[in-house]
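So the structure is just underneath, and the comments pick up after that.
The values are calculated or read from the model by the stated rules, or taken from the named source; none is laboratory data. Worth saying up front: this structure is predicted, and the values here are computed from it rather than measured. Here Cβ is always computed from backbone atoms with ideal geometry, including for glycine, and neighbour counts include all displayed protein chains.
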Amino acid sequence: MEMPPPSPARLARKAELATALRRVLPDDAVIDAPAELRAYECDALAAYRCPPMLAVLPATTDEVADVLRLCHAAGVPVVPRGAGTSLAGGALPTADSVILGVARMNAVLEADYDNRVIRVQTGRTNLSVTGAVEEEGFFYAPDPSSQLACAIAGNIAMNSGGAHCLKYGVTTNNLLGVTMVLMDGTICEIGGAHLDAPGLDLLGVICGSEGQLGVVTEATLRILPKPEGARPMLMAFDSNEVAGACVSDIIKAGILPVAIEFMDRPCIRACEDFAKAGYPDCEALLIVEVEGSEAEIEDQLARITGIARRHDPLELREAQDADEAGRIWLGRKSAFGAMGQINDYMCLDGTIPVNELPHVLKRISALGEEYGLGVANVFHAGDGNMHPLILYDANKPGDLEKCEAYGADILKLCVEVGGCLTGEHGVGIEKRDLMWHQYAAADMEAQMAVKDVFDPAWLLNPAKVFPLDASEGRRAVPVAAE
Amino acid sequence: MRAETEAELAEMIVGAEGPLRICGGGTRDVGRPVDGAVLQTGGLSGISLYEPGALTMVAEAGTPLAEIEAALAAEGQRLAFEPGDWRGLLGRAGESTIGGVVATNVSGPRRIQAGACRDFMLGVRFVDGAGQVVKNGGRVMKNVTGYDLVKLMCGARGTLGVLSQVSFKVLAMPEAEMTLTCEGQDAKAAVTTLCAALKTPFDVTGAAYLDAGATGGVARTQVRIEGLEASVRYRAGRLRDGVLAGFELVEGAASGDLWREVRDVTPFAGREGAVWRVSVKPTDGPVLTDALATLGLDHAAVHDWGGGLVWLLVDGSGDGGADVIRQQTAALGGHATLIRGSERLRADVPVFEPENAVLARMTAGLKAKFDPRGILNPGLMG
């Protein structure tokens, strides 16, 4: 993955910029020592690394504004960073950029239960938002797998989803307002505890813009009352097609489970070896979770069981107690760890129309044989968001490149069948150069026009999302003179 | 002008020599009056794809809403964001189109639980002011590939581009619905009750209050529950045993009628006056109406969305209450839109909430990028 070469003019300003930043931030909030900058050299797409020129850790919106104003004046790019858990390289720096980490801004500003909203600083982790409201019986719905570590700032940047968004929606559906700082240091307020924007839906375009339009420092989030209970059930089938058809029938029947997770045989095996969850030996496995009172759960599961039986399941297992529920989820939740045990892996994130599932799984497997690489599939079946995990050996020369080529073929396949490159991880650098497969020039131009308005100098996270050849003219704005 | 295809639409926009007034079904004439040649999109019609098992539909922008709703109903599905029919309220005839619904981001009572129109939109195709055909999003339920221009277009009222095709998520129609109602509460007590109901785990899908001025008799508080039959019965019972003690149970078609009334704001249809739509946080709904009364602005109010969406019927002469409504709304943190008013009133006072300087700069910047000649519904949004 190519990144733009660092600009010598910017690199020459390192000391000067560090001094200016120390005038507006506490000493320990400006990091310039090479050894310490290594901590910011990559995110969870760890195959790509590059320490930034500087890193800053502001503690307030005003400090963020000061940092951006100074960097803007110096013509130095800024890469915003939440918790650094991006799987797409969203927080990967260039050598001539400043990392702006929001980790020190993690306070809950207000929890308003009557109006069902919480206002937080965006460095707060996803799970700790729920942590702040659960005693009152509430939760924050989007639940990316990294929720223990990932920050709301990154969730907003990538419009993160999770296993339960089939029912509750992704970040954009749960975000009501933000305080955001533009690249020139201007602070703006959008939305709030009330619903829906008065003018253009700027909030809608900011969410998912991968830190390219502004740095979001505070957010108003929708919180929901916790359901009375939840219970998963496990279903085993002897083919992917049948499992896919069962998913479609459940949805068509008007039942809306909170989650429908799908695992294929390679994934089931790996999880079983790793976590010993007691999964049946089968080709495809579904985990379906429903919510409500005891009677409501039983009613829904009975209907789902009825539908599943029409598809000749090898096994239907309803959790009898919390312990069994835990075991049903155990394998699924350890899928990534299990794959990591076998080898290095790359996790893809394409989305496809649900009815294309069997076809796409077959093609993924056939492509894997061509490339000579193993793949396991685990994904959110209800909404067609796939997560093929491609196994490779990072120490074997050429294997990463082969894996990337295979991954690119899978994502192109997703687009071909009417889907998209990324369902919840974001484009970052990982899928940046594949964007031409999904969008024509006019489509890309319209998106870049939005960045032109928010960040005319293209200094915020500029080398992401758009193929470098598409954004080159815009990024070539000369470094501002003193 | 009436476009029958996307290519024709693009040609008409390229060939336009002056401002264009974009018109779907012409049922939602909201905004500053636009002086321009009418460009009709009703010819771009038809459902191009419907997959009930994937909960997705793709339709040309000019497709009548009624056609879409009928196709969905045949499969036991619906538009969960419950778009209102404002023909009665605005005194308009014609057929509402899906493009018009999306362009105005119309969402009904279920918005508090299911989300707004914008939350269900999966993809758009549109023609920008330069005549370029642009697509964004797609037809899958999770998509973060590039910027979300789908949301930007939803609610932009044709000022950034003219929609040619939309794709959206649909949901199953519930097996049952019930409404719990109570009469005679004042706004504050009603909204306190609504908030309490919305805090329960019983998945309330509608929470509204119609004051005496709106009902023309006694004020009514109403809470809706939907879902599987047994579950609805269970939840209604739990609510009546708890925060909705003393509420009456309304079932079936009668329950549906109660919500169509709120959705379409029928209490204000055929009545004289200007109509405002204000969005504040729910607990501020009664604070707003109390303040307006104290300041001497006579009004009738329908509170939807747990109390936070306030429809106000006021005297339409003078500034139609604009000053005092805007002042009070701004103080609470929210926004007010003049939904119905004479052409004179809509030209005299800002129809939409004036934006702060920074957002106004962003809006103007986007308008200049997407419609460089300034010909798409110029001035409509202020």
field: Checking A:Asp409 against (1) buried (at least 19 other Cβ atoms within 10 Å of the Cβ); (2) out of contact with any Gly (no Cβ under 7 Å at 6 or more places or on another chain); (3) more than 9 Å from chain B (Cβ to nearest Cβ), the condition it does not meet
entry: (1)
- prompt: Quick one: how many residues across the range B:345-365 are within 7 Å of another protein chain (Cβ to nearest Cβ) and either closer than 17 Å to B:Arg326 by Cα or hydroxyl-bearing (Ser, Thr, Tyr) (or both)?
  reply: 4
- prompt: Of everything in the range A:193-204 that's within 29 Å of A:Val354 (Cβ to Cβ) and not in a loop (DSSP other than H, G, I, E, B), which residue is farthest from the other protein chains (Cβ to nearest Cβ)?
  reply: A:Leu203
query: Within the set of pairs 6+ apart or on separate chains, which have a first residue in the range B:357-379 that is surrounded by fewer than 15 Cβ atoms within 10 Å (Cβ to Cβ), a second that is in a helix (DSSP H, G or I) and not polar (S, T, N, Q), and C-beta atoms under 8 Å apart?
result: B:Gly374/B:Lys367; B:Gly374/B:Ala368
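Yes/no per residue for (1) in a loop (DSSP other than H, G, I, E, B); (2) touching a Gly at 6+ places or on another chain (Cβ under 6 Å); (3) among the β-branched types (Val, Ile, Thr):
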position: A:Glu63; (1), (2), (3): no, no, no
position: A:Val79; (1), (2), (3): no, no, yes
position: A:Thr85; (1), (2), (3): yes, no, yes
position: A:Ala88; (1), (2), (3): yes, yes, no
position: A:Thr94; (1), (2), (3): yes, no, yes
position: A:Ala103; (1), (2), (3): yes, yes, no
position: A:Ala111; (1), (2), (3): no, no, no
- prompt: Among B:Ile98, B:Ile112, which is within 20 Å of B:Glu226 (Cβ to Cβ), in contact (Cβ under 8 Å) with a residue 40 or more places away in the chain and surrounded by 24 or more Cβ atoms within 10 Å (Cβ to Cβ)?
  reply: B:Ile112
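For the range A:280-293, check the following and say yes or no: at least one residue is within 14 Å of chain B (Cβ to nearest Cβ) and either among the aromatic types (Phe, Trp, Tyr) or crowded, with 24+ Cβ neighbours inside 10 Å (or both). Lay out the reasoning, then the answer.
Looking only at the range A:280-293, we keep the residues that are within 14 Å of chain B (Cβ to nearest Cβ), and these are A:290-293.
Now restrict to residues that are either among the aromatic types (Phe, Trp, Tyr) or crowded, with 24+ Cβ neighbours inside 10 Å (or both): A:290, A:292.
Yes; the residues of the range A:280-293 include at least one that is within 14 Å of chain B (Cβ to nearest Cβ) and either among the aromatic types (Phe, Trp, Tyr) or crowded, with 24+ Cβ neighbours inside 10 Å (or both).
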field: Members of the range B:32-67 found to be closer than 30 Å to B:Pro378 by Cβ, surrounded by 24 or more Cβ atoms within 10 Å (Cβ to Cβ) and aliphatic (A, V, I, L, M), listed by number
entry: B:Leu44, B:Ala59, B:Ala61
- prompt: Of (1) more than 30 Å from B:Gly227 (Cα to Cα); (2) more than 8 Å from every other protein chain (Cβ to nearest Cβ); (3) surrounded by fewer than 23 Cβ atoms within 10 Å (Cβ to Cβ), A:Ile268 satisfies all except one. Which?
  reply: (3)
message: Being more than 16 Å from A:Leu256 (Cβ to Cβ), touching a Leu at 6+ places or on another chain (Cβ under 7 Å) and of a type outside the set (Lys, Arg): is that true of A:Glu298 here?
response: no
The one condition in (1) over 15 Å from A:Gly208 (Cα atoms); (2) touching a strand residue (DSSP E or B) at 6+ places or on another chain (Cβ under 9 Å) that A:Arg475 fails to fulfil: (2)
- prompt: What do you reckon, is A:Ala463 part of a loop (DSSP other than H, G, I, E, B) and away from chain B (no Cβ under 14 Å)?
  reply: yes
Matching option when the condition is within 20 Å of B:Ser107 (Cα to Cα) and in a helix (DSSP H, G or I), among B:Arg260, B:Arg224, B:Arg240, B:Arg235: B:Arg260
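Give the residue that is nearest to A:Pro467 (Cα to Cα), with candidates limited to residues of the range A:1-44 that are charged (D, E, K, R) and surrounded by 14 or more Cβ atoms within 10 Å (Cβ to Cβ).
A:Asp43
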message: Tell me whether the range B:20-31 contains one or more residues that are in a loop (DSSP other than H, G, I, E, B) and farther than 30 Å from B:Arg224 by Cβ.
response: yes
query: Are any of the residues in the range B:31-40 under 25 Å from B:Gly161 (Cβ atoms), among the charged types (D, E, K, R) and at pLDDT 95 or above?
result: no
- prompt: Got a sec? Which of B:Leu313, B:Leu295 is more than 27 Å from B:Arg260 (Cα to Cα), more than 14 Å from chain A (Cβ to nearest Cβ) and either over 20 Å from the mean Cα position of the chain (by Cα) or surrounded by 15 or more Cβ atoms within 10 Å (Cβ to Cβ) (or both)?
  reply: B:Leu295
- prompt: Can A:Ala457 be described as over 19 Å from B:Lys142 (Cα atoms), free of Cβ contacts under 8 Å to residues at least 24 places away in the same chain and more than 7 Å from every other protein chain (Cβ to nearest Cβ)?
  reply: no
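Results for (1) within 11 Å of chain B (Cβ to nearest Cβ); (2) under 19 Å from B:Asp119 (Cβ atoms), shown as yes or no for each residue.
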| residue | (1), (2) |
| --- | --- |
| A:Ile156 | no, yes |
| A:Asn159 | yes, yes |
| A:Leu176 | yes, yes |
| A:Thr179 | no, no |
| A:Met183 | no, no |
| A:Gly191 | yes, yes |
| A:Leu213 | yes, no |
- request: For the range A:415-440, name all the residues that are at the interface with chain B (Cβ under 9 Å from one of its Cβ atoms), assigned to a helix (DSSP H, G or I) and more than 18 Å from the chain's Cα centre (by Cα).
  value: A:Val415, A:Gln438
